[in-house]
Structure formats: C-alpha cells, structure tokens
Amino acid sequence: MGMFRGTYLQWMKLRLPWRKDVYMGTDLDGNLYFERLVDTYRSRRHVIYRKDLALSEYSDKVIPIQWQAWMRHTRHRIPTLDDLNQDIQRQEQIADNVQKLAAKEARLPISPEDTTKHAYTRQPQFQKSTPGESFQPENWAPAATSSASGNKTGSTKKRHNP
C-alpha cells in the first residue's frame, strides 16, 4: 500500500490542464495539502485531513505551524518532513530545558533581594483585604467656622414651629 500511495501522490503532483487541485505535500500526521491555481496573482490552498474530526475540533492547532504559514502565503517554500522533524526535536529540547529550569528553581530559595533585581521572575502575592478589617475610627469633632450670622462654634439653633 505504501508504494501505491507514493506513486499516486507523485501523479497528483503533476500540473495537468484538467486538474484543479495539485498535491503539494503531506505532514507527519498524514494530512494532504493542495493548491488550486485560481488566479495568476494568488492561488488557493487547502488541506484534506487524514482523521475525521468533529466540526468543533477543526482549528489551526491540528496542523503544524510550517504548513499554516504555507497555507497563508507567508512561507513560499513547501515544508519538508525534515523541517517538521527538526521542529519536533526543537520543541522536545525546549520542554526538557523548562523541566530543568523548574527543578533548579525549586531547589533555590528566593530572597527579597532577588525579587527586587528581577521583578519579572517572581510577582509579589497580594492579599485582598476589606476596608473594615484594619479600620479604627478616631474621635473627630468638626472645626469651628465662622458664618455670616456670627456663630463661631459651628452649632445651629433649632427652630420650633408650632
């Protein structure tokens, strides 16, 4: 089956006058990528997924970033299987480095001097407090003000209306 599939895909790569879609390549998951020459200016590119996915599962994360760039016309060269394998190795190396760094940070105590030097590494933990927890009222009396009636104590006379 592998030899027949390879021969079939090589035949699909031929740009024949009656063929609308031309096979351009495949990724490591077996998705097939095609190009349709609609205009002399720009072609249409699409993918045929190897797996049948639910409609909600189709997203950009299903296909590799190199093929996404090719489909959006930001990458002119078709990604090869070597490019995809190198990217997987790079991602594994980054994951290993992250684990090593996390283990190293777990062993080192963090002092307050380190947080002031590199504020971006550790963010201070703020605790929410309600205003009523630490509020202590004080004795308060309004200051004496002078008014137009000459009352300097700030008190007002109450009127009784019978």
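Our summary gives the range 1-61 a relative contact order of 20 percent, counting only alpha carbon pairs under 8 angstrom and 6 or more residues apart. For LYS51, the aspartates and glutamates whose Cα falls under 14 Å of its own Cα, not counting residues fewer than eight places away in the same chain, are ASP27, ASP29.
Using a probe of 1.4 angstrom, how much of the accessible area of the range 1-94 is carbon and sulfur, in percent? On the range 1-94, the fraction of accessible area on carbon and sulfur atoms equals 56 percent. Counting 0.36 nm for each residue step from GLU105 to ARG36 and taking away their Cα separation leaves a gain of 19.7 nm. Put a dot 7 Å past the Cα of LYS13, heading toward its Cβ, do the same for ILE78, and the two dots end up 0.6 nm apart. Using the Cβ-Cβ distance between GLN91 and GLN136 with R0 = 41 Å, the FRET efficiency computed as 1/(1 + (r/R0)^6) comes to roughly 0.15.
The values are calculated or read from the model by the stated rules, or taken from the named source; none is laboratory data. On a predicted model such as this, the values are computed, not experimentally measured, just so you know. With ideal geometry, Cβ positions are generated from the backbone for all residues, glycine too; neighbour counts draw on all protein chains shown. Just so you know, the surface numbers come from the protein's heavy atoms only, side chains and all, with ligands and any DNA or RNA stripped out. Shrake-Rupley method; radii C 1.70, N 1.55, O 1.52, S 1.80 Å.
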